[in-house]
Amino acid sequence: MTASADKPSDNQLANKSQAWSALFSEPMSELVKRYTASVFFDKRLWAADIQGSLAHAEMLLAQGILSAEDHAAIESGMAQIKGEIAAGQFDWKLDLEDVHLNIEARLTELVGLPAKRLHTGRSRNDQVATDVRLWLRSEIDELLQLLSALQLALVEVAEKNVEVILPGFTHLQVAQPVSFGHHLLAYVEMFARDAERLLDARRRVNRLPLGAAALAGTSYPLDRERVARTLGMEGVCQNSLDAVSDRDFAIEFSAAAALVMVHISRLSEELILWMSQSFGFIDLADRFCTGSSIMPQKKNPDVPELARGKTGRVVGHLMGLITLMKGQPLAYNKDNQEDKEPLFDTVDTLKDTLRIFAEMAAGITVKPEAMERAALKGYATATDLADYLVKKGLAFRDAHEIVAHAVKTAIARGLDLSALPLAELQKFDARIGEDVFEVLSLRGSLNARNILGGTAPAQVRAQVARHRARLAA
């Protein structure tokens, strides 16, 4: 006997958990159910989902679309659901596909008909876009705090090592002496720009898609601006098609996150080099390193090495998101379910990395003598001698040529420029006097660069003070 038009079939009853079940004559296959479900990764959006639903319900009440009794029931039910999820007692069901339907189904169990009225004027398309934005906004706020903590850790190490002389490199060849503190502050500048980028991206994340419904808006008299104000958002997405299909905000965040990791990777590379026996400039605390299963003398900088590797992972997520969006027509497509895992992993990786680097940076042991010995090996004050001759009246190109000959002689004799006798130096130019030895010293070279942005200790201390004031604001 076939089912009548008024009575659902057994297949329809089996499929009743789906929000669209009345249209379909057979349940979704188990394979498709597993393939399309997102609940086991998007359930982390639960707090944002409840937050958005409560703001939507409050607006429906204010607009006369929802009764006070229904609104009170929804609030009460959501409070219970929050408690269940926080306590780990919520039963997440694969059959219910995603975080939204799981929460809605539980709310329906708790309060009945009011839960079914909550979805008035919205779709899962605008709901998920809102949830992801709310969640990401919160994560950006935490990342900004973590970036500040890392910057402060580096500032503190820099302040302790303003007078420590490090060989500055170009092409990984000794170039000129710099303050080790100055060198670390270069990374502070990078991370400060990263914070600026995240803060700027946050403004575009913090816009409300809710009310766009599936793609065309809704016929209900919604007050979208009210919902935006309730949620602390800075504006409303102005085009319903764009609102539900846009993932620019996720891509922009991922680009900013990838740059943070690139900066982390550059710092990691230097920490790895500096810790190696060939450099011996620093040591990292044992808790950030591992040993070898076969070579008992080894102390490996695993944390910076792994961070360098994880950079590729985060950059890969950025490329994945760009590729995900490049061929999509308007408006929402199921492809967009694939935005969450790379976004979630990017946030997790970045948070973990920033936390561990702030702690690791604070425990760096600096070896000033090794740094200074290395600076003396590469004729790091050659440019200072050229500048000295310019101040005596030579053109810089002529001075450059003279100093090149002096360096060649010093190399042949196995001596630093400062170790050549005055008489020998005067053979290259008679204007060279006793005062040249102060110029040729590492300390003299450092102190001479007393210009805004320079490596002179006075300038580095001024930058330390600037960063401290900025980070305290």
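When the helices (runs of 4 or more DSSP H) confined to segment 364-421 are screened for residues that are without any contact (Cβ under 8 Å) to a residue 12 or more places away in the chain, charged (D, E, K, R) and over 15 Å from residue 448 (Cβ atoms), those reaching at least 1 such residues are found at 368-377, 396-413. With respect to residue 318, is the statement that it is modelled with pLDDT of 95 or more, surrounded by 14 or more Cβ atoms within 10 Å (Cβ to Cβ) and either aliphatic (A, V, I, L, M) or touching a Cys at 6+ places or on another chain (Cβ under 7 Å) (or both) true? Against the criterion (modelled with pLDDT of 95 or more, surrounded by 14 or more Cβ atoms within 10 Å (Cβ to Cβ) and either aliphatic (A, V, I, L, M) or touching a Cys at 6+ places or on another chain (Cβ under 7 Å) (or both)), residue 318 qualifies.
When 243, 255, 285 are screened for being closer than 30 Å to residue 208 by Cβ and open to solvent by 10 Å² or more (accessible area, probe 1.4 Å), only 255 passes.
Taking first residues from segment 333-362 that are touching a residue at least 60 places away in the same chain (Cβ under 8 Å) and partners that are part of a helix (DSSP H, G or I) and acidic (Asp, Glu), the Cβ contacts under 6 Å between residues at least 6 apart in sequence or on separate chains come to 340/42; 347/139. For segment 38-64, filtering for residues that are farther than 30 Å from residue 338 by Cα and either open to solvent by less than 50 Å² (accessible area, probe 1.4 Å) or part of a helix (DSSP H, G or I) (or both) leaves 5.
Looking only at segment 6-23, decide whether some residue is modelled with pLDDT of 95 or more and more than 14 Å from residue 128 (Cα to Cα). No, that holds for no residue. Applying the condition of being of a type outside the set (D, E, K, R) and surrounded by 15 or more Cβ atoms within 10 Å (Cβ to Cβ) to segment 413-438 and asking which residue is farthest from residue 390 (Cα to Cα) yields 420. In segment 238-253, the residues that are closer than 21 Å to residue 142 by Cα form Cβ pairs under 6 Å with partners that are basic (Lys, Arg) and open to solvent by 30 Å² or more (accessible area, probe 1.4 Å), at six or more places apart or across chains, as follows: 249/204. Selection of helices (runs of 4 or more DSSP H) fully inside segment 79-183 by the criterion of at least 3 residues being within 31 Å of the chain's Cα centre (by Cα) and among the polar types (S, T, N, Q) returns 124-160. The residue of segment 254-292 that is nearest to residue 356 (Cα to Cα), among those that are assigned to a loop (DSSP other than H, G, I, E, B) and free of Cβ contacts under 8 Å to residues at least 60 places away in the same chain, is 289. Here residue 402 passes the criteria (1) of a type in the set (Val, Ile, Thr); (2) closer than 30 Å to residue 312 by Cα; (3) surrounded by fewer than 20 Cβ atoms within 10 Å (Cβ to Cβ) except the one numbered (2). Residue 227 fulfils the conditions (1) within 29 Å of residue 314 (Cα to Cα); (2) in contact (Cβ under 8 Å) with a residue 60 or more places away in the chain except for a single criterion, (1).
In segment 220-240, the residue that is surrounded by the fewest Cβ atoms within 10 Å (Cβ to Cβ) out of those that are β-branched (Val, Ile, Thr) and assigned to a helix (DSSP H, G or I) is 230.
Scanning segment 135-180 for residues that are aliphatic (A, V, I, L, M) and free of Cβ contacts under 8 Å to residues at least 12 places away in the same chain yields a total of 1.
The values are calculated or read from the model by the stated rules, or taken from the named source; none is laboratory data. Since this is a predicted model, take the numbers as computed values, not measurements. Heads up, the Cβs are rebuilt from the backbone with ideal geometry, glycines too, and the neighbour counts pull from every protein chain shown. Areas reflect the complete protein model, heavy atoms only, side chains present, ligands, DNA and RNA absent. Shrake-Rupley method; radii C 1.70, N 1.55, O 1.52, S 1.80 Å.
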